[in-house]
1. Confirm whether D:R88 is closer than 17 Å to D:E10 by Cα, modelled with pLDDT of 80 or more and more than 10 Å from every other protein chain (Cβ to nearest Cβ).
2. If you scan region C:168-200, which residues turn out to be farther than 14 Å from C:T210 by Cβ and among the charged types (D, E, K, R)?
3. Any residue at all in region D:198-214 that's aliphatic (A, V, I, L, M), under 25 Å from the mean Cα position of the chain (by Cα) and closer than 30 Å to B:L198 by Cβ?
4. Being without any contact (Cβ under 8 Å) to a residue 24 or more places away in the chain and either part of a helix (DSSP H, G or I) or surrounded by 12 or more Cβ atoms within 10 Å (Cβ to Cβ) (or both) is the filter here; which residues of region A:88-103 pass it?
5. Out of (1) within 11 Å of chain D (Cβ to nearest Cβ); (2) buried (at least 21 other Cβ atoms within 10 Å of the Cβ); (3) of a type in the set (D, E, K, R), the odd one out for C:D205 is which?
6. Is it fair to say C:R120 is farther than 18 Å from C:S12 by Cβ and at pLDDT below 90?
7. Specify which of the listed residues (A:L130, A:L143) is away from chain D (no Cβ under 11 Å), at pLDDT below 85, surrounded by fewer than 21 Cβ atoms within 10 Å (Cβ to Cβ) and within 30 Å of A:L29 (Cβ to Cβ).
8. Regarding B:V111, is this residue over 24 Å from the mean Cα position of the chain (by Cα), surrounded by fewer than 16 Cβ atoms within 10 Å (Cβ to Cβ) and under 22 Å from B:L28 (Cβ atoms)?
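The values are calculated or read from the model by the stated rules, or taken from the named source; none is laboratory data. Note that the structure is predicted; figures quoted are calculated from it, not measured. We place every Cβ from the backbone using ideal geometry, glycine too, and count neighbours over all the protein chains shown.
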Protein chains: 4
Amino acid sequence: MRKRVYTILEPSAWRGKGLSPVNKVICLLILVSVVASIVETEPEVLKGREDLFSILEYSLTGIFAIEYCLRIWIAIEKPEYTGSIMGRIRYALSFFAIIDLLTILAVVLTVFGTAPLLLRLFRLGRILRLARLGRFSSALNTLQRVLSTRAPDLLISVGLAVTIHIIASTLLYFVEGRIQPETFGSIPRAMWWGVVTLTTVGYGDAYPITVLGKILGSVTAVVGIGVIALPTGILAAAFSDAMDEERKKSSGDEN
Amino acid sequence: MRKRVYTILEPSAWRGKGLSPVNKVICLLILVSVVASIVETEPEVLKGREDLFSILEYSLTGIFAIEYCLRIWIAIEKPEYTGSIMGRIRYALSFFAIIDLLTILAVVLTVFGTAPLLLRLFRLGRILRLARLGRFSSALNTLQRVLSTRAPDLLISVGLAVTIHIIASTLLYFVEGRIQPETFGSIPRAMWWGVVTLTTVGYGDAYPITVLGKILGSVTAVVGIGVIALPTGILAAAFSDAMDEERKKSSGDEN
Amino acid sequence: MRKRVYTILEPSAWRGKGLSPVNKVICLLILVSVVASIVETEPEVLKGREDLFSILEYSLTGIFAIEYCLRIWIAIEKPEYTGSIMGRIRYALSFFAIIDLLTILAVVLTVFGTAPLLLRLFRLGRILRLARLGRFSSALNTLQRVLSTRAPDLLISVGLAVTIHIIASTLLYFVEGRIQPETFGSIPRAMWWGVVTLTTVGYGDAYPITVLGKILGSVTAVVGIGVIALPTGILAAAFSDAMDEERKKSSGDEN
Amino acid sequence: MRKRVYTILEPSAWRGKGLSPVNKVICLLILVSVVASIVETEPEVLKGREDLFSILEYSLTGIFAIEYCLRIWIAIEKPEYTGSIMGRIRYALSFFAIIDLLTILAVVLTVFGTAPLLLRLFRLGRILRLARLGRFSSALNTLQRVLSTRAPDLLISVGLAVTIHIIASTLLYFVEGRIQPETFGSIPRAMWWGVVTLTTVGYGDAYPITVLGKILGSVTAVVGIGVIALPTGILAAAFSDAMDEERKKSSGDEN
């Protein structure tokens, strides 16, 4: 019996392609729960529907609580969690089990504490459910592996970007600090301009107005987009290659 | 006779390079029709030229109607649509045939209905003619194949982008929700800021003003552009490779 | 004598590495001339220095005129322009010779015509000198070859981008046309928003304000940046590969 | 004794993986010093904490002075700086030794000169410490090598970008110069718009308002982003490949 529940609930134990039907439903319920948590923060949507959202929230939390208990129960089927009590405790302390528990507690505790700050934290907890979906994706491992292999490249390019960011912000603080004290009056203030420019977001709340400031700003923008694009390009290429290899390996396994 | 019309109208049946002269003219007429539909929405252009645009529209629709009938007539030349009546019905239910019919009906029906909403829908129908050009491009198939092969990579990176989008919007809702209720007063509202920032569009209608908000916004922008660029990089590399292979294959065929 | 001038002035005839000293000076003078033409449009810079700029302009044009005559004189040394008169005429009608002549005439004609519009056109002519630098770059040929090889890929991705641009602009015209008539009141007007959003420039002079408009705008921005990035990625990869091959070939020649 | 200090202080002489513990501490102190120099420019942070920042600054400078002396002392252990006096002088004139000295002097000299402009320069000197971190990174060499190998590609694409920038700015100066004299009244002024558009930053302080200006601006944005992305794509691909080779080489060394 426990073995059967295990093959249904544990993604890596399922023999079919993709996820088991039960896990598909759980994924869907997580998405419904996250969307509900997002949408109910909008007063125009919530007004007059407070009860509806409460019922939905409590029902979903009930289902997730049952799921949590089942996962604790079947944990010992996994080779790494042997030992009827110690194995389950060790499972309960694993990353996804803690996330599961936190997101359930975030709802349960709203019954006791109603301070606005607490309620806000609890809401954050509910949106954390999104992280639970990570359990069902094997490609996230690929991304994680790529990130660790490419860590030195990424670190260098991020370090370079930070250096250029600091230099650009310092220069504009010197050039425009007195003319626009609100925006460039200190290096930390100029750094907001730096981020907005280097990422090419360009909100328009901070930009140089003197000739020298515009020249320095132009150089920053041109040099900066190259440097900012470095880690992005490296990551995209590495991730694409790793997924390719994965595909080749899995198609090799099938033959 | 039908065979000859078939080789002229069906892009895949044409033996010369590229498109047959008739299909080139049809492509041109489609473009003229779409441009006319776009331009006539501008009152300054339309004023005093209403008749001109009407005549153009009706003439083009007439030609497209004849083209549609011819395509129905020659459909049974294709191996997949055999059977003089059933084949033609099956062709008439294919994607491009339905598009053809809809764009003709959109003009014909303006004679009967003149409610503003209907007229607007009909105009949308005319612009839909752009999709008819898809029939003449073989490279679209390559793109479609690339999209389906790379679907898991793209899904993961889109999923990651959505997750970061939700987290960033939630954090800014907590930090700036009370200070800028119009912009960050609810998570859905903050999500507009999130999209504008992660895509680096940065209109400037929504941006953080507190120190903590700016720090979170900076992290969002930097992490986000990397994640948003992932699917783009993957797609560009895969599409470029696929077109390369296509070229090699076709040059191999010629030898 | 003519042979010697030929080896000095014709980039492809020079045996040393890079450009001959004379051509280096010419490149420099072209840059000086372009910078002067740009800078003198700024009243604050021009004021009181009108004569200085005039003298500089006339001297440089004099030098360029001598250079032009010399190039006409040596043209027949090139194998493709044989025939003492016909060869030179054929050279004079080549792309770079016409550019050379136009940029000289643009200055000479200012003596005769002084209508403001003419003067503006003449200034444009002077800035056209930038194109003269193309003569000295062999890598531009590589880029041109890459562009022609990759033309189908680029065309498809540009076509896709145009289609998405039109669809997005049409949708926003329908959704926000009545609320913001200045910005979305016709499809051509909405297309300015479309370009600014799809290229992620985001000036902030046009953006949706309704909920539906924001949702459609978000989808546009996300889908659009992927599509706009396609041709860029393809071009960068192809140009990088072509330059690599060039290097291998030239290092192979040396061995 | 000198030998032992050498193996500890000289990154390339350390036999363990990464940096020696002493160098790790130095890196940390550099970062602390840079962050302090940045943060103390913000009046709200500095107020009432002037002494704290002074003490921190002087202590860190003391440590860096000791480090500088030690590095001078051990310089002759390096094969390229033999000769007890001449070797040390030659080391003292190397890039990183000069940076080290300048950043120490920048603090020491504040005791003598207190003119605001001098103080600002000294502050810039302190932030220059960031460059000292370059000594500890071997990947910077890789980036430098990539930059020099790919210099022709990068130069071409930068030249192309500059050409498009000048053409776009000139055209908008002609089209909008009279309507928006502040923004497009001269080519240099229009060039600020050009940079902001081609880098897709789009602050929103400068944009075309006429129909012709918008059409030219759209073409600029679309063509421009492709050209601006060229050097970025080339650099990212080349750097990624070079790091890959490095990894293969070093894993080959270990076997």
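1. Working: closer than 17 Å to D:E10 by Cα: yes; modelled with pLDDT of 80 or more: yes; more than 10 Å from every other protein chain (Cβ to nearest Cβ): yes.
Yes, satisfied.
2. The first filter runs over region C:168-200 and keeps only residues farther than 14 Å from C:T210 by Cβ, leaving C:168-170, C:182, C:185-189, C:191-192, C:194-200.
Passing the criteria: C:E182, C:R189.
3. Initial filter on region D:198-214 (aliphatic (A, V, I, L, M)): D:198, D:201, D:206, D:209, D:211-212.
Narrowing further to those that are under 25 Å from the mean Cα position of the chain (by Cα): D:198, D:201.
Then keep just the ones that are closer than 30 Å to B:L198 by Cβ; that gives D:198, D:201.
Scanning region D:198-214 turns up at least one residue that is aliphatic (A, V, I, L, M), under 25 Å from the mean Cα position of the chain (by Cα) and closer than 30 Å to B:L198 by Cβ.
4. Initially, region A:88-103 is screened for residues without any contact (Cβ under 8 Å) to a residue 24 or more places away in the chain, giving A:88-95, A:98.
Result: A:R88, A:I89, A:R90, A:Y91, A:A92, A:S94, A:F95, A:I98.
5. It is condition (2) that C:D205 fails.
6. Details: farther than 18 Å from C:S12 by Cβ: yes; at pLDDT below 90: yes.
Answer is yes for this residue.
7. Details: A:L130 fails: surrounded by fewer than 21 Cβ atoms within 10 Å (Cβ to Cβ).
Selected residue: A:L143, the only one of A:L130, A:L143 that is away from chain D (no Cβ under 11 Å), at pLDDT below 85, surrounded by fewer than 21 Cβ atoms within 10 Å (Cβ to Cβ) and within 30 Å of A:L29 (Cβ to Cβ).
8. Details: over 24 Å from the mean Cα position of the chain (by Cα): yes; surrounded by fewer than 16 Cβ atoms within 10 Å (Cβ to Cβ): yes; under 22 Å from B:L28 (Cβ atoms): no.
Here the answer is no, as B:V111 does not meet what is asked.
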